[in-house]
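Have a look at the structure below before the remarks.
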Amino acid sequence: MHPEDYELGSRYIKGEKMDKDAQLTLLQDYLARTNTLGECPMRYYQRNGFGRYWTGEKIGLQNISRRIRHTLCADHMIDIDMKNAHPTLLSWYCHENGIACTGLDAYIVDRERLIADLMTYEGISRDDAKTYLLAIINGKIVRLKHDAPAWLREYYGGMRQIMEEVIKLNPDLHKLACESKEKRGRTIISRARP
């Protein structure tokens with residue numbers, strides 16, 4: 001058997017899709033770092049002292065596709081995957097803070113149909129459709145075509161408005177996020193505009 005015989009999945013890292021070859025490279029790097037016990041020790045840190053934990057090493061399981069990660073870790077770890085976590089948590093935040101989020105809520109209620117609609121409209125896979133919609137939540141600027149579905153227009157416009165409102169409510173966190181992105185050589189939207 002050869003790697004070409006398997007569907008290894010893909011993963012987006014810093015906005016770039018890591019295909020099968022990239023996944024194999026990540027696995028080889030990971031294997032090279034294992035000790036004699038078959039362990040790959042990791043250090044973790046939080047940027048700015050809060051939020052998500054990141055691996056301090058070049059490679060970690062968070063960069064490996066779900067398919068490979070589940071195979072490697074099935075007997076050793078539990079991978080908690082909250083279905084639709086980002087949109088659901090953002091909706092909760094919006095409702096708690098009086099921010100309108102009708103496009104987001106419509107997506108949450110009718111997620112499967114809207115993902116299928118986006119797959120057909122853009123000619124993309126399910127995973128790519130989910131990634132596309134999450135990228136919009138995270139500030140991706142897209143140029144919607146004139147024939148874009150009405151729900152997608154409402155979702156996108158709503159996300160831009162939500163971003164504006166979150167920035168108004170959290171100017172210190174927004175400033176910190178901008179500074180953090182600049183340190184890593186990436187840009188962030190200083191103000192969300194459709």
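One table, with the values for the structure above:
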quantity: Protection proxy ranking of 162-168, 177-183 - average other beta-carbon atoms within 10 Å, highest first; calculated: 162-168, 177-183
quantity: Per-residue HN-Hα couplings for the range 154-168 [Karplus 6.51, -1.76, 1.60; θ = phi - 60°; Hz; x = Gly/Pro]; calculated: 5, 4, 5, x, x, 5, 4, 5, 4, 4, 4, 5, 5, 4, 4
quantity: 26 Å Cα-Cα threshold exceeded, pairs from K20/K175; K83/K175; K130/K183; K17/K181; calculated: K20/K175; K83/K175; K130/K183
quantity: The chain: calculated mean residue ellipticity at 222 nm from DSSP helix runs of at least 4, using -39500 (n - 2.57); calculated: -16000 deg cm²/dmol
quantity: Furthest towards positive pole of dipole, I167, Y107, H70, structure part the chain, Cβ charges; calculated: I167
quantity: Filtered chymotrypsin sites (Phe, Trp or Tyr not before Pro), the range 29-114: DSSP coil and at most 13 other beta carbons within 10 Å; calculated: F50
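No value in this document is a laboratory result; all are computed from the given coordinates. Being a predicted model, the structure only gives us computed values, none of them experimental. For neighbour counting, all protein chains shown are included, and Cβ atoms are generated from backbone atoms with ideal geometry for every residue, glycine included.
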